[in-house]
Amino acid sequence: MMNRIFNIMILFALLMSFSGCEEVIDLKLDDAPPAVVIDGGLSDQNEIQVVKVSTTYNFSESNRFNGAKGAKVVLISSTGNTYNYSEVSPGIYNSPAFRGRSGVTYTLNVTLNNKTYTASSIMPAKVNLDSLTFKEFSFFGQSNTYIAANYKDPGGIQNQYRYVLKAKGVIEEDAVSEDRFDDGNNVANVIFYELNDLVAGDLIDVEFQCIDRNVYRYFFSLNQTEGGGGPPVAPANPPSNFNNGALGVFNAHTSSKKTIVLK
């Protein structure tokens, strides 16, 4: 996902029609200097944690993961623990297996070409995903079936959530929400990915993450730019929690997963 982010995001091809004539506009696209993109996740599961480091590419180049080799990746917790990551393939850095803890602030330092990029994220208290259910809605006379994530939101605490939906093992939807209107309630949050192209027996997996406020802002902005929940807004880089001009996000989160079978 991170390699869809450009240092300078280019908007538009315009079509103009006057009196039955069409004018083709030749856009002059300038290449920008490459920017560093960091995609770091830390969960509360006892597993290898992964950080991806890459650089952006020119507009004219094909979309790909442009992995950055030779980075130094170190994670430090507010409890005094340090975790050193090892490069397992170009741009992919793995930690030893360990789990993050709620309430702890984690700081990720990535040094590449003698420049260090730093981001901090606090792992929120865990909220468990209770179940997945099917919901049917009709829009303009057409019915579609969606998945609802069901959970109990804790009262009196600001919470932000992320939903990563996979259909047949492929990520198809990545959405976020907050509890501004659901504080303390039983929530059935609909993930608006249409299931009509799937068949009975297909598996749908949802990872339910509790994320901090800065991470929520990042994914909410990314979703708006891509047109999630409505028409796209003017393109801009999502607000990264990294310093020194790096793109991307470091996300310390809790994780709860459920699977449902399409009937």
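At-a-glance table
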read-out	value
Candidate set from region 79-99 (those that are in contact (Cβ under 8 Å) with a residue 40 or more places away in the chain and surrounded by 11 or more Cβ atoms within 10 Å (Cβ to Cβ)); member that is farthest from LEU42 (Cα to Cα)	ILE92
Failed item, numbered, when LYS168 is tested on (1) open to solvent by 40 Å² or more (accessible area, probe 1.4 Å); (2) closer than 29 Å to GLY40 by Cβ; (3) modelled with pLDDT of 90 or more	(3)
Condition check for ASN185: modelled with pLDDT of 95 or more, open to solvent by 30 Å² or more (accessible area, probe 1.4 Å) and not basic (Lys, Arg)	yes
Flag for VAL190 being farther than 27 Å from PHE250 by Cβ and more than 23 Å from the chain's Cα centre (by Cα)	no
Options GLN209, GLN224, GLN160; residue that is among the polar types (S, T, N, Q) and either open to solvent by 50 Å² or more (accessible area, probe 1.4 Å) or modelled with pLDDT under 95 (or both)	GLN224
Answer residue from region 132-144, given it is open to solvent by 40 Å² or more (accessible area, probe 1.4 Å) and among the polar types (S, T, N, Q) and is farthest from ASN185 (Cα to Cα) among those	GLN142
Near pairs, Cβ below 8 angstrom, 6+ apart or cross-chain, from region 190-214 (farther than 30 Å from PRO239 by Cβ) to any residue that is open to solvent by 80 Å² or more (accessible area, probe 1.4 Å) and modelled with pLDDT under 90	LEU198/LYS168; ALA200/LYS263; ASP202/LYS168; LEU203/LYS168
Qualifying position, being under 27 Å from ILE38 (Cα atoms) and either in contact with a Cys (Cβ under 8 Å, 6 or more places away or on another chain) or without any contact (Cβ under 8 Å) to a residue 24 or more places away in the chain (or both), among SER138, SER121, SER177, SER143	SER177
Sole residue being over 24 Å from SER54 (Cα atoms) and in contact with a helix residue (DSSP H, G or I) (Cβ under 8 Å, 6 or more places away or on another chain), chosen from VAL176, VAL127, VAL104, VAL190	VAL176
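The values are calculated or read from the model by the stated rules, or taken from the named source; none is laboratory data. Remember, predicted model here, so these are calculated numbers, not experimental data. Backbone-built Cβ (ideal geometry, glycine too); neighbour counts: all protein chains shown. When the accessible area is computed, the model is the full protein with side chains, heavy atoms only, and any ligands, DNA or RNA have been set aside. Shrake-Rupley method; radii C 1.70, N 1.55, O 1.52, S 1.80 Å.
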